[in-house]
Every structure is written in structure tokens, then in C-alpha cells.
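Worksheet: the structure to be examined is printed underneath.
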């Protein structure tokens, strides 16, 4: 079953690519823009440069789990672009990279 907070259409990704603000670190590039909805949606872009299908899908699974645990402010579309060095990163390092980018963009909801 598809996550309701997932970006699913090519047009959604394209809009974020063209109009979104950019934040980056050594493992990921994050693009985000307001979407005017009551929820925040996110998606992942993992190119073939990162590795074969097994590696790409593993990274997407890890990132989905990381995002599931994050408390995001509502009303944003976010796309994470994975850099090839992320293949060597473990779960904790990826989690730290995602959290740092979301905090830098002030997209985390204060608890």
C-alpha cells in the first residue's frame, strides 16, 4: 500500500525540482517547497549512478523508514536526491543527514 504522504506523480517531482529551495550535505540533496495542503509529502530520487536496483531500493527503504519517524511541519513537498556516497552509509548516518537537512530548512515540528 502506498504511503499517503508520498509524492507519486512526475509533475509533483518536477514542480519541486523547478520551484523548491535547496539544502545539501555530503549524502543527500533536499529540495522543498510549500504545497498548500494540510500534510507534508515527500519522495526520493535515486539514480543509477548510486548502484544497481538492489542498492537503490535498499536506500529508498531506509529513507522511508527515517521519514516515517520524523515529525514534519504540515504543508510542504520535499524531494531527497541521494548522492552515490550514501550507499556506504549506515542507517544512523543516513538518519542524521536527513534530520540535519530538515532542521536546517526548519521543517521539523517542535515537540
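The values are calculated or read from the model by the stated rules, or taken from the named source; none is laboratory data. Predicted, not measured: the structure shown is a model, and the values here were computed from it. All Cβ positions, glycine included, derive from the backbone under ideal geometry; neighbour counts span all protein chains shown.
The residues of the range 50-63 that are under 20 Å from residue 24 (Cβ atoms) and either modelled with pLDDT of 95 or more or within 11 Å of the chain's Cα centre (by Cα) (or both), listed by number, are 56, 59, 60, 62, 63.
Residues are listed down the side, and each one gets a yes or a no for (1) surrounded by fewer than 18 Cβ atoms within 10 Å (Cβ to Cβ); (2) at pLDDT below 95:
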| position | (1), (2) |
| --- | --- |
| 73 | yes, yes |
| 77 | no, no |
| 80 | no, no |
| 93 | yes, no |
| 96 | yes, no |
| 101 | no, no |
| 110 | yes, yes |
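The residues of the range 50-65 that are closer than 16 Å to residue 7 by Cβ and either part of a loop (DSSP other than H, G, I, E, B) or out of contact with any strand residue (DSSP E or B) (no Cβ under 6 Å at 6 or more places or on another chain) (or both) amount to a single one, 64.
I'd like to verify a number: residues in the range 34-49 that are out of contact with any helix residue (DSSP H, G or I) (no Cβ under 6 Å at 6 or more places or on another chain), part of a loop (DSSP other than H, G, I, E, B) and crowded, with 16+ Cβ neighbours inside 10 Å, how many? Residues meeting the conditions: 2. A count restricted to the range 1-33 and to residues that are in a loop (DSSP other than H, G, I, E, B) and either at pLDDT 95 or above or under 20 Å from residue 70 (Cβ atoms) (or both) stands at 11.
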